[in-house]
Amino acid sequence: MAASMNGTYTPRPDPLDLPLKTALVKMANGISPASVALAHVDWLTHLAVLPSKQAALSTSALIKAASWLNYVARSTWKPDTPHCVEPPPDDKRFTHAEWQLPPYNALAQAFLLTQQWWGEATTDIRGVSRHHEEVAAFTVRQWLDMLSPSNSPVLNPQVLRETARKGGMNFMHGFANWWRDALAVSAGGPPRGVEAFRPGEAVALTPGKVVHRNGLVELLQYEPTTAKVRKEPVLIVPSWIMKYYILDLTPQDSLVKYLVDQGHTVFIVSWRNPDAADRDIGLDDYLDAGVLDTVAAVQRLCPGTTIHAAGYCLGGTLLAMGAAVFGARKEHPLKTVNIIAGQVDFQDPGELGLFMDESQVAFLEDLMAESGYLDGRRMAGAFQLINSKDLVWSKLLHEYLMGAETPMNALRAWNADATRMPARMHGEYLRRLYMENQLADGEYRFRGLPISLRSIRVPMFVLGTERDHVSPWPSVFKVLRLAHAPARFVLTAGGHNVGVVNPANGSLANPKATYRWADHSLDEAAPADPQAWYATAQQERGSWWACWNAWLHHHGSGNVPARKVPDVRFDGKVVPAPGTNVFQE
């Protein structure tokens, strides 16, 4: 590795190493075998020299075995016998009524007790580093999830009932489903059904035009639907690892359309899908093109006003960096900063942090050194691994064992529309933000300029989602104490995507949607403990969209006549939304 002037590292793997490492990356789906092995060696060697822990585990195993045997004996003649152990709240594998009947209740309880024991065996081992403990516990959970009786065609009562009902045809249908998926994966193609959700035809339908373009992004502006609009426009910066149209799916669940209909002038960034020629594009280039240049473009198109800037996921991280740049330059183009499920402090990034150590990052850098980019499917694989119960094994049960088909929908089709990341940018992002936490520590330099989140002084709206595996809400919450600004923090039910795409009204609105919120001023700062915030935050029914819209109105400056979207020509042509970047594969 060679150090660059700004303190980051430029990967320079030896060409002799590349063939072997590339083969390993493909076999391990991008996970460093050395990283996993080191974690398990650390865990096992420390466990081997702790007789007290071994004794505690032996005692626990005996108690659990006795408890299980007692449960089996009593439940055979008393079906309502209390369980030995209850599954975690997010584990729905054994909630079906058939799992409460013998002998399947005994199987479920045996598995849950085994899972509990392994949790004890992989935690609280004196001498094991926190990171290695988390990796060991995570990999053991993956093996247990794979071996769960819910995944077995001969142990799952739901599968057995379906097999009897259909005379085994569920397995024929399941094999057909598996074969279609296997062919799609081997050919590198998209999942079946995504062709029905092409942008501009079934999704990304809100009328608008491309009004600005640079080397990395297109900037879309949407046509107004009201006679008057709010004075301050809304600029949305999505993550660069996703296509923007998750925020403009169908008309029934489009956040963009909702904002336009509420009287906002809406702009959104659509990232270009990079290729091997873009290997040397860095993180500062993304900040420059995705935030600083687009803010300047919106200022030219809407002169005489400031901007409500919003960033989703990594777009929120990038926006916070951009706001810090404006603060360092003593510039004031932003009215508010709105961070939607985005982190700025990566000290506790959740289970994604399992894939962040020197071995893992170097492994990815070597992979990217050959191709010049990281394929988005590698990232998707990591996300699936983190939430394997819901994203992998539930599909095995539903589609391959039960023989059912999960209908494609707009969100799932978008999720399959992956993008790439340039090698240099992704390496800098992993090292400077995840591993070194430069942004939160005030050590990040943008093209040599020191920037600090403390320089953010405009009001902030920050959204977290309760079941977020990508940006855990306690990590998102930390920005409230890093920036020097009044803020509203909102915590909505749902996950990283479903919690954000949460229509306020219409046929796709969730009648059970809820969110919590609290305002924090400079004189009355947010508590340091996110759980303390949770205990006192006000709970509301409905979508967070309405909460955000009301907050934007409160922090606005009144109405102006609706702004007509200008006809900006590129190569002599006006480009309608959704633009051209969204179609790049």
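The values are calculated or read from the model by the stated rules, or taken from the named source; none is laboratory data. Bear in mind that the values here come from a model prediction, so they are computed numbers and not experimental data. Every residue, glycine among them, receives a Cβ derived from its backbone with ideal geometry; neighbour counts consider all protein chains shown. Heads up: the accessible areas ignore ligands, DNA and RNA and are worked out on the full protein's heavy atoms, side chains in. Shrake-Rupley method; radii C 1.70, N 1.55, O 1.52, S 1.80 Å.
Results, tabulated for the structure shown:
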item	result
Residue match in the stretch 517-529 (condition: within 25 Å of residue 416 (Cα to Cα) and touching a residue at least 24 places away in the same chain (Cβ under 8 Å))	no
Hits in the stretch 187-208 - residues which are of a type in the set (A, V, I, L, M, F, W, C), open to solvent by less than 40 Å² (accessible area, probe 1.4 Å) and under 17 Å from residue 418 (Cα atoms)	194, 203, 204
Residue selected from the stretch 209-242 under the condition of a type in the set (D, E, K, R) and assigned to a loop (DSSP other than H, G, I, E, B), by the criterion least open to solvent (accessible area, probe 1.4 Å)	232
Residue within the stretch 171-182 that is closer than 27 Å to residue 351 by Cβ, under 29 Å from the mean Cα position of the chain (by Cα) and buried (at least 17 other Cβ atoms within 10 Å of the Cβ) present	no
Residues of the stretch 531-559 classified as over 20 Å from residue 495 (Cα atoms), touching a strand residue (DSSP E or B) at 6+ places or on another chain (Cβ under 6 Å), open to solvent by less than 50 Å² (accessible area, probe 1.4 Å) and not in a loop (DSSP other than H, G, I, E, B), total	2
Residue match in the stretch 377-395 (condition: in contact with a helix residue (DSSP H, G or I) (Cβ under 8 Å, 6 or more places away or on another chain), surrounded by 18 or more Cβ atoms within 10 Å (Cβ to Cβ) and either outside any helix (DSSP H, G or I) or at pLDDT 95 or above (or both))	no
Those residues of the stretch 503-516 which are surrounded by 12 or more Cβ atoms within 10 Å (Cβ to Cβ) and out of contact with any helix residue (DSSP H, G or I) (no Cβ under 6 Å at 6 or more places or on another chain), in sequence order	505, 509, 510, 513, 514, 516
Subset of the stretch 129-143 (residues that are open to solvent by less than 20 Å² (accessible area, probe 1.4 Å) and either touching a residue at least 24 places away in the same chain (Cβ under 8 Å) or not in a helix (DSSP H, G or I) (or both))	135, 136, 138
Residue 441 open to solvent by 10 Å² or more (accessible area, probe 1.4 Å), farther than 27 Å from residue 306 by Cα and without any contact (Cβ under 8 Å) to a residue 12 or more places away in the chain	yes
Subset of the stretch 459-499 (residues that are of a type in the set (Val, Ile, Thr), buried (at least 21 other Cβ atoms within 10 Å of the Cβ) and over 15 Å from residue 548 (Cα atoms))	470, 476, 479
Pairs where the first residue, in the stretch 400-413, is closer than 20 Å to residue 169 by Cβ and the second is of a type in the set (Asp, Glu), C-beta under 6 Å, 6+ apart	402/162
Residue 235 over 26 Å from residue 375 (Cα atoms) and in contact with a Phe, Trp or Tyr (Cβ under 8 Å, 6 or more places away or on another chain)	yes
Residue that is nearest to the chain's Cα centre (by Cα), among those in the stretch 550-585 that are of a type in the set (A, V, I, L, M) and farther than 26 Å from residue 460 by Cα	582
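Yes/no per residue for (1) open to solvent by less than 60 Å² (accessible area, probe 1.4 Å); (2) assigned to a strand (DSSP E or B); (3) modelled with pLDDT under 95; (4) not aliphatic (A, V, I, L, M):
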residue	(1), (2), (3), (4)
36	yes, no, yes, no
46	yes, no, no, yes
53	yes, no, no, yes
60	yes, no, no, yes
79	no, no, yes, yes
95	no, no, yes, yes
